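Participant: Have a look at this one before I ask anything.
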Amino acid sequence: MEDIHLCELCREVYEPEEVVPGGIRKLKTFNGYTVDLRLQEFRKIPYGKLPEFIAFTSTKGQKLLALMHEKAMQQARTNLDELEKRLQISFEKFLKKLKQEQGTR
């Protein structure tokens, strides 16, 4: 099996989450597919239809990986923007409190 390189952000976002410590892990999903990093494949098992297995190395798998990466990057940018806004608000409150304290001295 050919190894696919996934960035650390994608690995972090799509790494299975541990449901029971030391035991059961739940795989993440993307666009309706289960993402299996260990087997390097996307899986979809629609009710009443044949299961679909897409290797990361296939053309469709590469497209899904690119979309998955873009979504992870967009979420990281959003999280960073939100953090920046919260820090700015917090800093403004700190400066206001500091000015009030200096005014009472």
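The values are calculated or read from the model by the stated rules, or taken from the named source; none is laboratory data. Because the structure is a prediction, the values reported are computed rather than measured. Note that we place each Cβ from the backbone using ideal geometry, even for glycine, and neighbour counts take in every protein chain shown. In case anyone asks, the SASA skips ligands and DNA or RNA and just uses the protein heavy atoms, side chains included. Shrake-Rupley method; radii C 1.70, N 1.55, O 1.52, S 1.80 Å.
Participant: May I ask you to compute the full-extension gain from residue 20 to residue 36, defined as 0.36 nm times their residue separation minus their alpha-carbon distance, rounded to one decimal in nm?
Facilitator: Details: separation 16, 0.36 × 16 = 5.76 nm, distance 1.82 nm.
Difference between extended and current length: 3.9 nm.
Participant: Add -39500 (n - 2.57) for each DSSP H run of 4 or more in the chain, then divide by its residues: what number comes out at 222 nm, to the nearest 500 deg cm²/dmol?
Facilitator: -17500 deg cm²/dmol
Participant: For region 1-90, which trypsin sites (Lys or Arg not before Pro) are in a loop by DSSP, counting at most 16 other Cβ atoms within 10 Å? The partial results should precede the final answer.
Facilitator: Values: sites: 11, 25, 26, 28, 38, 43, 44, 49, 60, 63, 71, 77, 85, 86; in loops: 28, 38, 49.
Loop-located and lightly packed - 28, 38, 49.
Participant: Using amide H atoms built in the peptide plane, which far-off residues or other-chain residues are under 5 Å from residue 41 H to H?
Facilitator: 36, 56
Participant: Can you pull the percent of the chain's accessible area that's carbon plus sulfur, 1.4 Å probe, other chains left in place? Kindly include the intermediate steps, with their values, before the conclusion.
Facilitator: Working: 4640 of 8420 Å².
In the chain, the share of accessible area belonging to carbon and sulfur is 55 percent.
Participant: Continuing with this model, one more query. Could you do me a favour and compute the accessible area per residue for the chain, 1.4 Å probe, result in Å²? Numbers along the way, then the final one.
Facilitator: Working: 8420 Å² over 105 residues.
That works out to 80 Å² for each residue.
Participant: What does the extension gain come out to for residue 92 and residue 55, with contour length at 0.36 nm per residue minus their alpha carbon separation? Before the final figure, lay out the partial values.
Facilitator: Working: separation 37, 0.36 × 37 = 13.32 nm, distance 4.98 nm.
Length gained, residue 92 through residue 55: 8.3 nm.
Participant: Ignoring ligands and nucleic acids, what accessible area does residue 20 show with a 1.4 Å probe (Å², nearest 10)?
Facilitator: 70 Å²
Participant: Next up: Report, in debye and to the nearest 20, how large the dipole of region 24-105 comes out about its Cα centre when Lys and Arg carry +1 and Asp and Glu carry -1 on their Cβ.
Facilitator: Working: 18 positive and 9 negative charges, 53 e Å.
The dipole of region 24-105 has a size of about 260 debye.
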